[in-house]
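The values are calculated or read from the model by the stated rules, or taken from the named source; none is laboratory data. Everything numeric in this text was worked out from a predicted model, so none of it was measured. Don't worry about glycine lacking a Cβ; one is built from the backbone with ideal geometry, like all the others, and counts go over all protein chains shown. To get the accessible areas, we keep the full protein, side chains included, count just its heavy atoms, and leave off ligands, DNA and RNA. Shrake-Rupley method; radii C 1.70, N 1.55, O 1.52, S 1.80 Å.
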Amino acid sequence: MESDSSDPDPPRQRNGFVGVLYGEFTDNLNDSVRYSVSLTESALTIQRISSSPDRTKVVFNLTDCIGCRAYRGADSADVSAYFTAYFYPFKRRWMSAGVTRQRAEQCFRVALVQDPLVNLQEAERWARAIRDASVLQAPRRDGVVYTELRRPCRTMILVNPHSGRGQALQLFTGHIQGMLTEASVPYTLVTTEHKNHARELVRKADLSQWDALVIMSGDGLLFEVINGLMEREDWKQAIQTPLGILPGGSGNALSASIHHYSQSLPAWNEELLLSCGFIICKGLVGPLDLVSVHLASTQRLFSFLSLAWGFVADVDIESEKYRHVGAIRFLMGTLVRLASLRVYQGRLAYLPVKEAPKPPKGSINHPPSTTQHPSHCLSLPCRLIPNSSPKLGSRPVRTNLNQNTVSNSSNNVITNMRPEPKKDRKATALVDSLLPALDQPVPESWTVVKEEDFVLVLAIYQSHLAEDLWTVPEATADDGLIHLFYVTAGISRPALLRLFLAMEKGAHLACGCPHLVYEKVRALRLEPISPQGMITVDGEVVEYGPVQAQIHPGLARLICG
């Protein structure tokens with residue numbers, strides 16, 4: 001919110017359009033207080049009508065507006081109508097430095113005549129004009145091509161009530177439910193009962209009923225939803241369903257990344273939730289890269305966040321026992337794992353990215369090409385290695401809860417399920433053109449890492465690995481890149497701890513650590529040699545053994561800022 005008393009008044013006409021929409025209304029609580037209100041394409045300006053020469057204008061930027069509604073008063077004898085606009089501008093934090101989005105509303109009483117219908121029509125005209133103008137003023141980043149959600153946007157919201165500290169449902173009702181009402185977003189709320197419930201649901205659901213799927217949980221529930229969509233016969237259309245996420249877990253990596261992409265200052269906990277709720281309500285949709293991951297058992301998964309082996313995977317899974325403390329579980333897990341630091345043996349290869357050279361003047365521009373690096377070891381097949389240890393299973397199933405479905409729109413139901421048509425899935429499956437079979441050598445254009453002793457390998461495609469881990473400062477959701485990090489053996493415990501502490505501010509790449517390597521790649525293959533260990537995809541444990549992956553730019557769609 002800004003104050004401005006120096007701008008000249010624009011052309012105006014009372015309660016009409018001439019350059020701006022202008023009207024005079026009373027305060028909704030005090031009839032003796034009157035305001036002049038003007039609406040332009042970018043701002044709502046409010047000025048108290050007073051005989052005082054110092055009349056300060058209060059300006060609300062429509063970029064910060066999520067909705068406006070018109071209504072009659074509770075008293076049937078009151079002929080007035082009202083309209084209320086809802087804003088979430090950046091304001092200074094009360095107890096700490098920096099700014100964060102904070103709720104503000106402006107309510108006005110319309111009492112032009114004694115006819116309540118006329119007053120309501122005028123209030124509705126203002127509410128509609130404010131809503132329409134605010135849609136056009138949604139915050140957009142340069143260079144990103146957005147689409148907009150249909151309005152009203154029929155939304156299925158999936159909540160894991162046990163994610164994080166078990167407060168996801170309370171956070172939804174306490175913070176998000178009201179925002180959706182203010183933004184006139186009809187939704188159906190579904191609480192998941194068991195592991196893979198969301199995966200099963202979206203795999204069979206009639207998606208024509210929904211304009212968006214929003215996840216209120218940690219990153220694991222979105223992993224289920226994406227893989228459920230990709231398992232459908234109509235996956236090409238299904239994966240185009242806009243996806244949104246609200247932080248309700250302990251990691252919340254994608255939520256932190258989306259907040260970062262909106263060019264906002266760092267936020268955590270309820271501030272991050274409010275920011276992501278605001279982004280959902282504004283309804284801008286951009287592309288989201290997905291990564292196709294192949295396991296030794298021929299199973300294929302689709303990932304939106306990361307693939308990890310070694311230290312990062314160990315901390316993620318072993319810290320599950322500290323889930324009740326929230327995001328600090330990762331710090332506790334890091335300290336425990338540092339005390340008994342492990343080294344893993346394995347083979348790593350990747351297809352590097354190299355920017356295409358600038359073409360001569362007058363020539364036709366060609367898209368970037370991948371590097372044609374000679375392999376360090378052309379004879380290394382990255383072959384299948386028999387696993388002598390028992391295969392690790394998935395994470396333990398969380399405590400079940402009876403499914404509850406809550407809707408704020410009588411038109412929204414989730415009971416209709418499409419029968420899965422019987423087609424040849426192989427004929428329509430997504431092709432991973434960069435990947436050879438897992439039992440075949442990698443192409444000569446790939447780089448094979450000479451080292452075989454690792455502390456960690458991390459492939460990540462978003463900016464954040466957790467709320468407080470800014471892993472790839474320059475990443476975006478649609479940059480078409482896998483950001484590959486690996487740390488080789490020989491690093492000391494203090495040096496590794498310093499790396500993770502520096503990652504909180506995105507400064508780890510400036511540490512000059514000789515054991516840390518960072519590469520931008522299109523595809524990779526990892527072949528563990530150590531018989532025991534864990535591999536995670538989006539924080540979920542997968543089969544331990546050889547694994548390879550490639551990026552698919554812009555395959556999905558993400559509600560983002």
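When nucleic acids and ligands are ignored and a 1.4 Å probe is applied, residue 479 ends up with an accessible area of around 40 Å². Taking all protein chains as shown and a probe of 1.4 angstrom, residue 58 keeps an accessible surface of around 40 Å². Taking all protein chains together, 508, 175 sort by accessible area into 175, 508, largest first [probe 1.4 Å].
Label zone (residue 96, point 7 Å along Cα-to-C-beta; backbone nitrogen cut-off 12 Å) within region 167-183: none.
Determine the gain in length on full extension of the stretch residue 196-residue 332; use 0.36 nm per residue of separation and subtract their C-alpha separation, reporting nm with one decimal. Before the final figure, lay out the partial values.
On the way: separation 136, 0.36 × 136 = 48.96 nm, distance 2.77 nm.
Full extension of this stretch gives 46.2 nm more.
Close amide-amide hydrogen proximity is noted between residue 110 and 81, 82, 83, each under 5 Å apart and 5 or more residues distant or on a separate chain (H modeled in the peptide plane; Pro and chain starts excluded). For residue 91, the accessible area of its heavy atoms, probed at 1.4 Å with every protein chain present, is near 70 square angstrom. Rg over Rh for region 188-323 works out to 0.95, using Cα positions for both radii and the Kirkwood form for Rh.
Taking K and R as +1 and D and E as -1, what net charge do the other residues with C-beta under 11 Å from the C-beta of residue 304 add up to?
Numbers: positive: none; negative: 219, 289, 538.
Around residue 304, the surrounding residues sum to -3.
With the convex hull drawn around the C-alpha atoms of region 514-561, the volume per residue stands at 157 Å³.
Provide the FRET efficiency to the nearest 0.05 for the residue 505-residue 320 pair, computing r from the beta carbons and using R0 = 25 Å. Display every interim value, and only then the final one.
Details: r = 26 Å, r/R0 = 1.06.
Efficiency, rounded to the nearest 0.05: 0.40.
Take the convex hull of the alpha carbons in region 33-152; its mean projected area over all directions comes to 11.0 nm². Calculation over all alpha carbon pairs of region 455-539 in 5 angstrom steps from 0 returns a P(r) of 3, 13, 23, 26, 21, 12, 3, 0 percent. A 1.4 Å probe over all protein chains sorts 92, 150 by accessible area into 92, 150, starting with the largest.
The base-10 log of I(q)/I(0) for region 192-236, evaluated at q = 0.13, 0.21, 0.23, 0.33 Å⁻¹, reads -0.25, -0.66, -0.79, -1.35 [Debye formula, identical scatterers on Cα atoms, solvent excluded]. A simple charge model with +1 on the Cβ of Lys and Arg, -1 on the Cβ of Asp and Glu and nothing else charged puts the dipole of region 128-255 at about 180 debye relative to its Cα centre. Residue ranking by accessible heavy-atom surface, 1.4 Å probe, largest first, among 71, 261 comes out as 71, 261. Average 1/r across all pairs of distinct alpha carbons in region 110-162, invert it, and you get the Kirkwood radius: 14.9 Å.
If the segment from residue 497 to residue 341 were pulled out straight at 0.36 nm per residue, it would be longer than the present Cα-Cα gap by 55.0 nm.
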